[in-house]
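Read through the structure below, which is laid out as structure tokens, and then see the notes.
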Amino acid sequence: MKSARLNRLFGVSGNCFDVAIDHGMFNERTFLAGIENMKTAIRVIADAAPDAIQLPPGTAPMLQAIPGKQRPALVLRTDIANIYGNPLPSALFSEMIDRGVEQAVALDAACVVVNLLMLPEQPEVYRACVRNVNSLKRECEIYGMPLMVEPLVMQDNSKGAYMVDGAIDKILPLVRQAAELGADIIKADPCDNVDEYHRVVEIAQGLPVLVRGGGRVSDQEILTRTKQLMEQGARGIVYGRNVIQHNNPGGMTRALMAIVHDKASVEQASGHLA
């Protein structure tokens, strides 16, 4: 059944656009912009027809309640961490939801996603993430559930909450570790020099690599970057804030779908935002 679920997740082009709307899971006020009303946010994105929407257990039923055969596939967030605030809490954690794969099956998810976090001077969080991935892997095999691992290299929190570290020499080994731990799909950050992203694709050993969007940037930047990443061999994207915080989230979804699936130019994709 793993292949059947992967077919639900990836379009006929072989690529995937997963819109992440799981930010409320992390207990950060700034993450809630654009998703204060989850039913509305999910419906707007679902109507724009991305391949998938990434949600936590509490709001996943809102997507699955949409009638008809055309709704996006569900990617279920299975872990929660308290690493995004500034100042940081006195004790950091990365915890799994209870029986995440069973919850995914019950919710008719096409995939589960889990973090593999590398934070400066925080080896216990990294260790917890390795345990989380290991605990999910065998259950995913038993239930035929694809496993998306999110290897994230972060900068020091003192810069104003954890931000992406785009150093490719840090990204490469963590992506490879995710592959070696048994990921079926890799969700990785872009590197500082987008023209080097083919190295991330290569180190993933044939696994589909979906690129994380990160913080909000201009329309021109996100569309141009996406085009470059797809040309470097990425199999798709997982964007959240650059879609849900946009003044036209449906239009941005359609613009990005045109790049991911139809090889549209940035100019062509921009037409969906008019």
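Summary table below
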| item | result |
| --- | --- |
| Value of Rg/Rh across region 1-87 [Cα atoms, Kirkwood radius] | 1.00 |
| Mean Cβ count within 10 Å, highest first, over the residues of peptides 111-119, 33-41 | 111-119, 33-41 |
| Cβ-based net charge around residue 64, under 14 Å, with every Lys or Arg adding one and every Asp or Glu removing one | +4 |
| Table column - 3J(HN,Hα) (Hz), region 104-121, Karplus curve with 6.51, -1.76, 1.60, x for Gly and Pro | 5, 5, 4, 8, 6, 6, 8, 5, 10, 10, 9, 7, 10, 8, 10, 10, x, 6 |
| Share, in percent, of DSSP beta bridges within region 2-271 that are antiparallel, nearest 5 | 10 percent |
| For region 138-274, diffusion coefficient by Stokes-Einstein and Kirkwood Rh (Cα), 20 °C, 1.002 mPa s, µm²/s | 137 µm²/s |
| Built amide H within the under 5 Å cut-off of residue 111, gap 5+ | 76 |
| Mean residue ellipticity (222 nm) of the chain, computed from DSSP H runs ≥ 4 via -39,500 (n - 2.57), nearest 500 | -11500 deg cm²/dmol |
| J(HN,Hα) series, region 38-47, from Karplus relation 6.51 cos²θ - 1.76 cosθ + 1.60, nearest Hz, glycine and proline x | 5, 4, 5, 4, 5, 5, 4, 5, 4, 5 |
| 3J(HN,Hα) from dihedral phi, region 18-30, Karplus parametrisation 6.51/-1.76/1.60, rounded to Hz, x for glycine, proline | 10, 8, 7, 10, 10, 5, x, 5, 9, 6, 10, 4, 5 |
| Radius of gyration and maximum dimension Dmax of the chain, Cα, Å | 17.1, 48 |
| Among 226-232, 56-62, the order from most to least packed when residues are scored by Cβ within 10 Å on average | 226-232, 56-62 |
| Proximal charge balance of residue 22 [Cβ under 14 Å; K/R count +1, D/E count -1] | 0 |
| Net charge of Cβ neighbours under 11 Å - reference residue 269; Lys, Arg +1; Asp, Glu -1 | 0 |
| Subset of 39/137; 69/227; 2/170; 137/187; 137/227 violating a 21 Å alpha-carbon distance limit | 39/137; 69/227; 2/170; 137/227 |
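All of the numbers you see were taken from the coordinates with simple rules; none came from a lab. These figures come from a predicted structure and were not determined experimentally. Neighbour counts are summed over all protein chains in view; Cβ atoms, including those assigned to glycine, are modelled from backbone coordinates with ideal geometry.
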